[in-house]
Every structure is written in C-alpha cells, then in structure tokens.
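Okay, structure first, notes after.
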Amino acid sequence: AKQQGRSGYTFFSNDMREQAENRMKLLKDLRIAQQHQQFCLYYQPIVNLNTLNIEKAEALIRWQHPQKGLVSPDVFIPLAEETQLIHKIGEFIFASACQTLDKVRKNGENLQLSINVSPVQFTSKHCYLNQWHTHLEQHNLAPHDIVIEITEGLMMNAQPRTQKRLNNLTAQGFSLALDDFGTGYSSLAYLKQMDTDYIKIDKRFVDGIADNKDDLALCEAMIMMAHQLGLQVIAEGIETQAQHQLLQQAGCDFGQGYYYAKPMPEESLLALLSND
Ligand code: C2E
Ligand code: CA
Ligand code: CA
Ligand code: CA
C-alpha cells in the first residue's frame, strides 16, 4: 500500500489521479491496438446436451498488448464503449467471425457463431447493418448463422432506438441470446419485448448447482420457464461433470464451459471440429 499523505484527502486524490492516468494510458494503447490490429477472436465451443455435438461457438475477443500481454475484455470493452471505439472494434469482431465461419464451412463442418454485441453499437449513426450484410455476403453466410448475444444489464441503460434496431435484426433472421440471464433487473421484461431465441444462464447460477439445492432449483425453474416460452437454454461456465449431468437432467439444451473446452484460437477450433 502507498504511504498515506497528511490528510486522507491527499491520499484519495493521488489515488484518483493515478487511476485517471492509467485509464488515459490504456485508452491511448487501445487506439493503437485498433489501428495496428492487436485484437483477435478466440472461440469457445457450445455443446448440444442431447447429442454432445458442438453446434455453436461463442466468439470472445482477445487483446494482445505488446507489453502487458493478454488484456481481459472485461477491462477494455467498457472503455471502448465509453469512447465509441466499440464501433470499429465491433466491425472487426463481426468481420473476423464471418471469416472463421467461412473456413469452418469450407472444411465441410457447420456451426452457428455467437457474437457479443454491445448495445452501444446500435447508437451509432453509422450504418452497421450495411457493414454486417456486406461481411455476410462476402462469405456466403446468412443472418441465421449468427447469434447476437446481448447482456441484459447493458440493455437497461440503452437508448430506445437500441431495442428497435435489435428487433429489426431479429426480423431479418439473426438469432438473439440474452446473456447473463437472471443477473439484471428486468430479464423477464426483455423476454417479452424482444424476439429472443436463447437465454444464457449465468455462471453464477451454475457454480453452486452440485452443492446447493436453491441454485439447482433456480436453474431448473429458468429452464422450465424458457421452454414454456418456446426458448432454448444455454448454460455457461460448466466446469465439472456433476454440473454437466445435473443440467442435462434438468433438460438444459446447450452447455458451454471449461468442462467441454476453453476459448481457443481459430486454428484449434478448426482442428477440434474436424476430429469431432
Ligand atoms: P461473457 O459473454 O459472459 O463470456 C463468458 C466468459 O466466461 C468468457 O470470459 C469466457 O472465457 C468465460 N468462461 C467460459 N467458460 C468458463 C468456465 O467454465 N469457467 C470460467 N471461470 N470462465 C468461463 P472472457 O472471454 O474473459 O470475456 C469476458 C466478458 O467480456 C464476456 O462475458 C463479454 O461480456 C465480454 N466480451 C468478450 N468478448 C467480447 C466481444 O467480442 N464483444 C463484446 N462486446 N464483449 C465481449
Ligand atoms: Ca456472451
Ligand atoms: Ca428469431
Ligand atoms: Ca455471460
């Protein structure tokens, strides 16, 4: 810990200044990263719990920082959202996911690719939609090949036009998954307002299911409710066989987590699919 100054205030303001400086430095690096293509996508398989086949994969962005090594998206995505850099990064994500899916197809395999989309991306005046369609067409893909993952917590502060644009995308055939389901304040309202195809049960609920009856009951209730509404369920953060079996027994449709596979580079995904 740092030496405290004469007053608590001094200590606090030094700390704040340091934080602000770190933020500025990171933001500068993030701009450079965007220009010099220091990002890449990793892919985490999503397994059909009835057949155990890999039917989908989630694209997860990675930043290879020249000095710091891998920087977590939890750190830089919020910064990208605040500074509008998310628009360019978002286009990179969509373009490279399409490129990967094209390679998967050319290997004679198929997948639906899930990409994380920040609601901030829909606030731009730029026509992200034209971009998306250009990338799809370039690789002979259709909207249905893509699942848009939206975090309900982020929808909460979204502008009204965000939801309109999302509805527009689902009307065109993009699938929609509500990410981190159950952790926000209005999960149920969003289910009604949007053409949702999947809910993703958050890892926080999955963690305890083998040891805690309440966690298991919550997962079972979410699965039943989703099915009654005609939605499918993806459980996240499955790390053990016990969790896998309990979710399978509860009728969960898809599983994702270290138990099956960690996020991996494109080459490893292609290799895994051709050995599967
Ligand atoms: P998320 O969308 O909830 O993604 C799931 C996170 O859980 C990923 O972390 C994944 O690596 C991790 N995970 C998956 N299975 C397990 C498991 O069994 N155990 C544990 N401990 N962790 C597991 P990651 O890749 O660090 O991403 C963190 C968050 O950053 C994501 O949470 C998402 O909100 C955001 N993010 C990642 N990639 C993108 C992106 O391309 N665009 C946007 N807008 N956000 C992204
Ligand atoms: Ca996600
Ligand atoms: Ca739909
Ligand atoms: Ca999640």
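FYI, it's all coordinate maths here, none of it is from the lab. Note that the structure is a prediction, hence the values are computed from the model and not measured. Cβ placement follows ideal geometry from the backbone for every residue including glycine, while neighbour counts extend to all protein chains displayed.
I want to make sure I understand the PRE zone here: with the label point 7 angstrom from the Cα of L60 toward its beta carbon, which residues in the range 91-121 have backbone N atoms less than 14 Å away?
114-116
Over the Cα atoms of the chain, what radius of gyration and what Dmax do you get, in Å?
Taking only Cα atoms of the chain, I get Rg and Dmax of 20.1, 68 Å.
Rounded to the nearest 20 debye, what is the charge dipole size of the chain about its Cα centre when +1 sits on each Lys and Arg Cβ and -1 on each Asp and Glu Cβ?
Magnitude of the dipole: close to 1080 debye.
Net charge near M24: determine it from the other residues with C-beta under 12 Å of the C-beta of M24, scoring Lys and Arg +1 and Asp and Glu -1.
Summing Lys/Arg as +1 and Asp/Glu as -1 gives +2.
Kindly give Rg over Rh for the range 54-142, based on alpha-carbon atoms, with the Kirkwood expression for the hydrodynamic radius. Before the final figure, lay out the partial values.
On the way: Rg = 14.2 Å, Rh = 14.3 Å.
When Rh is taken as the Kirkwood radius, the ratio is 1.00.
With no solvent and one equal point scatterer per Cα, compute the Debye intensity ratio I(q)/I(0) for the range 210-276 at 0.12, 0.26 Å⁻¹ and report its log10, rounded to two decimals.
-0.38, -1.11
For an R0 of 41 angstrom, estimate the FRET efficiency from the Cβ-Cβ distance between K68 and Q159 and round to the nearest 0.05. Write down the numbers at each step before the final one.
Details: r = 33 Å, r/R0 = 0.81.
Calculated value: 0.80.
Which angle between 0 and 90 degrees, to the nearest 10, do you get for helix 8-35 versus the longest principal axis of the chain when only C-alpha atoms count?
Between helix and principal axis, roughly 60 degrees.
For labels at F92 and Q35 in the simple 7 Å Cα→Cβ model, what's the distance in nm?
1.3
Within a Cβ distance under 9 Å of Q232, other residues only, what is the Lys/Arg minus Asp/Glu net charge?
-2
Placing unit charges on C-beta atoms (Lys and Arg positive, Asp and Glu negative, everything else neutral), compute the dipole magnitude of the range 34-186 about its Cα centre in debye, rounded to 20. Don't jump to the answer; show the numbers that get you there.
Numbers: 11 positive and 14 negative charges, 74 e Å.
In debye, rounded to 20, the range 34-186 gives about 360.
Between rounded, prolate and oblate, where does the range 105-214 land on the alpha carbon gyration tensor, with a ≥ b ≥ c its root eigenvalues, rounded for a/c under 1.5, else prolate if a/b exceeds b/c?
Here the range 105-214 falls in the oblate category.
I'd like the FRET efficiency for T83 and L272, computed as 1/(1 + (r/R0)^6) with the beta carbon distance as r and R0 of 41 Å, rounded to 0.05. Don't skip to the answer; put the middle values down first.
Values: r = 35 Å, r/R0 = 0.86.
Result of the calculation: an efficiency of 0.70.
Place a point 7 Å from Cα of L27 in the direction of its Cβ. Which residues in the range 46-86 have their backbone N less than 15 Å from it?
Once the point is set 7 Å along Cα→Cβ of L27, 76-86 turn out to lie under 15 Å by backbone N, inside the range 46-86.
If I fit a long axis through the Cα atoms of helix 73-82 and take the longest principal axis of the Cα atoms of the chain, what angle between them do I get, 0 to 90°, rounded to 10?
70
If you line up the long axis of helix 213-228 against the longest principal axis of the chain, both from Cα atoms, how many degrees apart are they, to the nearest 10?
With rounding to tens, the tilt is 60 degrees.
Taking the dipole about the Cα centre of the chain, with the C-beta of Lys and Arg at +1 and of Asp and Glu at -1, give me whichever of V120, A221, L60 is farthest to the positive side.
Comparing the listed Cα positions along the dipole, V120 ranks first.
Using only Cα atoms, figure out Rg for the range 129-276 and give it as a multiple of 2.2 N^0.38 Å.
1.14
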